[in-house]
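A short worksheet on the structure shown next.
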Amino acid sequence: MADRAVRGGEPDPGVVDRPADVPLPFGEPVEVARLQPRQLADGRPVCQLASGSIRAAAETCACCGRDTGWIYTATFYTAHEVDGRFCPWCIADGSAAERFAGEFTDSYGLDGVSEDVLHEVTRRTPGFHAWQDPHWLVHCQDAAAFVGEVGYSELAAHPAALDQLRVDMHIDGRRDEHQLENFLTHLGEGATAMLFRCTICGDHLAYADAS
Ligand SMILES: [Zn+2]
Ligand SMILES: [Zn+2]
């Protein structure tokens, strides 16, 4: 899958490289910035490019019909026929989700958050590429911000997130300590971790994603 090619050392020419934060050419999609919070040094919000879910492309948006130079490439769940993909602005203002009665991320796991936050995640925030159906993590009763897909070394920089993932996986049935450590230290080679940061307390948290 071309979407995964960035990890293999063979950059897909259609993918913007990971550190290359690019300001959105117009508009200020505040909701996009809140839960996908990459920022330029001067604080301007930028599109989340880390997951490759929004890419530079000359493509007409299926919702507004404009070619903004940017297009969303990850999940959108709808029962309607959608002829094309969306620009980030039609995601951020909710118009794409409303027009096609769809969601960018499943509400699975979004427990204990207000209905407004639930809709912010599912209807106004870009999803991300993952093997399994992506889901969003919650901390301090708010949706956490998606940081990106990471491997072991990046996860180990946030020991609390690593510990929490270890506990979650143990609860989920990974009872063999040696196997579990082996799985964790090899994250980034096949299986990866989806890293989030709490927008309230700043803690990091993660879940594991594998094919
Ligand atoms: Zn649009
Ligand atoms: Zn928190």
Long-range amide H partners of Val138 with built H, under 5 Å: Ala144
Could you give each residue of region 123-133 its phi-based ³J(HN,Hα) in whole Hz, using Karplus coefficients 6.51, -1.76, 1.60 with θ = phi - 60°, and x for Gly or Pro? 10, 10, 10, x, x, 9, 6, 8, 5, 8, 3
Among Glu103, Glu81, rank each residue by its count of other Cβ atoms within 10 Å, from fewest to most, as a rough exposure measure. Glu81, Glu103
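Under 1.5 on a/c is rounded, so check that first for region 134-173, then, if it is not, pick prolate when a/b is larger than b/c and oblate when it is not; a ≥ b ≥ c are the square roots of the alpha carbon gyration tensor eigenvalues.
Note, shape of region 134-173 comes out oblate.
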Counting Lys +1, Arg +1, Asp -1, Glu -1, what net charge surrounds Arg174 among other residues with beta carbon under 11 Å of its beta carbon? -3
Which residues' amide hydrogens lie under 5 Å from the amide hydrogen of Asp203, considering only partners 5 or more residues apart or on another chain, with H built in the peptide plane? Cys198
So, relative contact order of region 170-211 in percent, Cα under 8 Å, 6 or more apart, is 30
Quick check: from the Cα gyration tensor, does region 103-211 come out rounded (a/c under 1.5), prolate or oblate? prolate
For Ile54, list long-range residues whose amide hydrogen, built 1.01 Å from N in the peptide plane, is under 5 Å from its own amide hydrogen. Thr73
Provide the packing ranking of 158-166, 117-125, i.e. peptides ordered by the mean count of other C-beta atoms within 10 Å per residue, highest first. 117-125, 158-166
What list of ³J(HN,Hα) values in whole Hz, one per residue of region 95-101 in order, does the Karplus curve 6.51 cos²θ - 1.76 cosθ + 1.60 (θ = phi - 60°) give from phi, with Gly and Pro shown as x? 5, 5, 5, 5, 5, 10, 6
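All of the numbers you see were taken from the coordinates with simple rules; none came from a lab. Because the structure is predicted, anything quoted here is derived from the model rather than measured. A quick note on method: Cβ atoms are made from the backbone with ideal geometry, for glycine too, and the neighbour counts reach across all protein chains shown.
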